[in-house]
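Asks: First the structure, which I've put down as structure tokens, then a few questions once you've had a look.
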Amino acid sequence: MTTPFSFELLATDGAARRGVVHTARGNIRTPAFMPVGTVGTVKAMYLDQVRDCGADIILGNTYHLMLRPGAERVARLGGLHEFIRWPYPILTDSGGFQVMSLSALRKMSENGVTFQSHIDGQRYEMSPERSIEIQGLLGSDIQMQLDECVALPADQDTITKAMELSLRWAERCKTAFGDQPERAMFGIVQGGDNETLRAASATALADLDLKGYAVGGLAVGEPQDVMLAMLDATCPLLPADKPRYLMGVGTPQDIIRSVAHGIDMFDCVMPTRSGRHGLAFTRRGRINLKNARHAEDHRPLDEESSCPAARDYSRAYLHHLMRANEMLGAMLLSWNNIHYYQQLMQGIRDAIEAGRYAEFCAETEAEWERGDIAPL
């Protein structure tokens with residue numbers, strides 16, 4: 001008998017929640033960080049490494065995969081899990097954000113969005129039903145509704161219309177998704193930086209009785225305090241027995257503070273993108289390996305880390321790899337960063353269970369503030 005999709009709340013500490021999402025392909029410990037596998041790969045990493053770092057779930061991107069290699073092709077090849085050799089849970093986004101950010105030409109209507117591929121200029125149509133169909137062909141465990149994501153700042157009329165359109169699309173996505181006990185479709189709360197619109201969106205989505213809920217349209221340039229205010233306007237109105245996912249977030253500080261406001265799931269390209277550009281995340285904060293001060297430093301990034309990339313390679317070598325533009329540099333720093341993010345999530349989960357989440361946040365931020373150990 002297969003496992004139906006469900007969420008179990010195990011502990012709370014203030015608004016912070018420790019839980020587990022049960023899926024047919026395995027459990028997702030929450031709060032969870034999902035490494036982004038945009039086109040079927042977490043950039044510069046083997047998926048075995050991603051799993052060994054502690055990831056329970058990764059994200060795939062509907063927009064990119066529908067363009068290349070194509071959702072129908074992936075389905076013929078056995079689905080995304082088999083195609084990329086990741087037998088664990090996968091979440092796919094709807095493609096809406098990428099249409100907004102990557103498509104030079106796009107046209108919104110009640111039916112959906114028509115857009116031009118950033119790869120070859122070919123025109124495509126994406127309706128709520130087509131988005132769910134593509135995600136079904138990919139075979140993901142968690143699928144996202146199609147929504148209209150508005151770049152901030154924007155006028156209130158634009159934000160209101162996008163939020164209301166997204167709600168109508170959520171209903172259509174729910175109908176298209178149908179009854180799939182082993183999988184879930186999440187609705188997406190929109191409303192820009194307006195607390196009233198956010199509350200209205202959250203309330204209406206909660207009435208749809210979906211299996212999970214996301215908060216979208218944040219971390220797009222607004223200050224952190226605005227993002228947290230939107231979470232305060234949103235999370236209390238979402239069902240306590242369903243997972244809550246903050247899309248596209250973010251920095252380690254964004255994550256620990258958002259958990260304190262009730263968020264369970266996160267994704268972001270930051271760990272791997274930063275790694276490819278020479279930036280390492282550590283318990284002592286960020287370290288830019290391109291800086292000349294590392295050129296003769298024989299110490300590792302973190303001698304206490306359980307990750308070989310952080311523990312076994314000297315800063316001098318990592319600096320050399322980045323300055324020489326060698327692929328191994330991006331691979332090692334991406335490995336370090338994904339490992340650090342997963343260790344941070346484990347620390348978050350442990351702290352919530354122990355009822356000391358506020359202390360954990362204070363200690364973690366204080367160590368970031370102290371900064372990296374002084375160079376030799």
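The values are calculated or read from the model by the stated rules, or taken from the named source; none is laboratory data. None of these values were measured; they are calculated from a predicted model. We place every Cβ from the backbone using ideal geometry, glycine too, and count neighbours over all the protein chains shown.
Asks: For region 203-244, give me each residue that is over 19 Å from ALA184 (Cβ atoms) and touching a Gly at 6+ places or on another chain (Cβ under 7 Å).
Replies: Scanning region 203-244 gives GLY217, ALA219, LEU231.
Asks: Moving to a separate point now. Within the group GLU182, GLU164, which residue is of a type outside the set (A, V, I, L, M, F, W, C) and in a helix (DSSP H, G or I)? Give the steps one after another, and end with the answer.
Replies: Values: GLU182 fails: in a helix (DSSP H, G or I).
From the options GLU182, GLU164, the qualifying one is GLU164.
Asks: Still on this model: Looking at (1) modelled with pLDDT of 95 or more; (2) not assigned by TED's automatic domain parsing to the domain that holds GLN145, find the lone condition where THR38 falls short.
Replies: All conditions are met except number (1).
Asks: If you go through region 224-281 one residue at a time, how many are out of contact with any helix residue (DSSP H, G or I) (no Cβ under 9 Å at 6 or more places or on another chain) and either over 23 Å from ASP93 (Cα atoms) or surrounded by fewer than 20 Cβ atoms within 10 Å (Cβ to Cβ) (or both)? Lay out the reasoning, then the answer.
Replies: Let us first name the residues in region 224-281 that are out of contact with any helix residue (DSSP H, G or I) (no Cβ under 9 Å at 6 or more places or on another chain), namely 225-226, 240-241, 243, 245, 264-265, 267, 269.
Then keep just the ones that are either over 23 Å from ASP93 (Cα atoms) or surrounded by fewer than 20 Cβ atoms within 10 Å (Cβ to Cβ) (or both); that gives 225-226, 240-241, 269.
Of the residues in region 224-281, 5 are out of contact with any helix residue (DSSP H, G or I) (no Cβ under 9 Å at 6 or more places or on another chain) and either over 23 Å from ASP93 (Cα atoms) or surrounded by fewer than 20 Cβ atoms within 10 Å (Cβ to Cβ) (or both).
Asks: Out of region 211-260, which residues are part of a helix (DSSP H, G or I) and without any contact (Cβ under 8 Å) to a residue 24 or more places away in the chain?
Replies: Within region 211-260, the first condition is being part of a helix (DSSP H, G or I), and the residues that meet it are 224-237, 252-259.
Hit for region 211-260 is ASP225, nothing else.
To keep it simple, each residue is scored yes or no on (1) of a type in the set (Asp, Glu); (2) closer than 16 Å to MET45 by Cβ; (3) out of contact with any Cys (no Cβ under 7 Å at 6 or more places or on another chain).
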| residue | (1), (2), (3) |
| --- | --- |
| SER306 | no, no, yes |
| GLN342 | no, yes, no |
| ALA358 | no, no, yes |
| GLU363 | yes, no, yes |
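Asks: Starting from residues that are among the aliphatic types (A, V, I, L, M) and outside any helix (DSSP H, G or I), keep the ones in region 185-204 and report whichever is surrounded by the most Cβ atoms within 10 Å (Cβ to Cβ).
Replies: Ranking the candidates gives VAL189 first.
Asks: Can I ask one more? What pairs can you find where one residue is in region 150-171 and under 15 Å from PHE97 (Cα atoms), the other is charged (D, E, K, R), and their Cβ atoms are less than 7 Å apart, with a gap of 6+ or different chains?
Replies: Listed by first residue and then by second, the contacts come to LEU152/ASP193; LEU152/GLU222; ALA162/GLU148; LEU165/GLU148; SER166/ASP147; SER166/GLU148; TRP169/ASP147.
Asks: So, of the residues in region 84-96 that are in contact with a helix residue (DSSP H, G or I) (Cβ under 8 Å, 6 or more places away or on another chain) and outside any loop (DSSP other than H, G, I, E, B), which turns out to be modelled with the lowest pLDDT? Working first, answer last.
Replies: Here is the first cut: in region 84-96, the residues in contact with a helix residue (DSSP H, G or I) (Cβ under 8 Å, 6 or more places away or on another chain) are 84-88, 90, 92-96.
Still in the list and also outside any loop (DSSP other than H, G, I, E, B): 84, 90, 92, 96.
Numbers: ILE84: 98, ILE90: 98, THR92: 98, GLY96: 77.
The residue in question is GLY96.
Asks: Residue under question is ILE142, and the condition is that it be of a type in the set (Val, Ile, Thr), within 22 Å of THR203 (Cα to Cα) and crowded, with 18+ Cβ neighbours inside 10 Å; does it hold? Outline the logic, then answer.
Replies: On the way: of a type in the set (Val, Ile, Thr): yes; within 22 Å of THR203 (Cα to Cα): yes; crowded, with 18+ Cβ neighbours inside 10 Å: yes.
When the stated conditions are applied, ILE142 passes them.
For every residue, the table says whether it meets (1) out of contact with any helix residue (DSSP H, G or I) (no Cβ under 9 Å at 6 or more places or on another chain); (2) over 30 Å from ILE352 (Cβ atoms); (3) among the hydroxyl-bearing types (Ser, Thr, Tyr).
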position	(1), (2), (3)
GLY37	no, no, no
GLY40	no, yes, no
GLY60	no, no, no
SER109	yes, yes, yes
THR114	yes, yes, yes
ARG123	yes, yes, no
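Asks: Now for a different question. What is the one condition in (1) closer than 26 Å to ASP141 by Cα; (2) at pLDDT 95 or above that GLY217 does not satisfy?
Replies: Single failed check for GLY217: (2).
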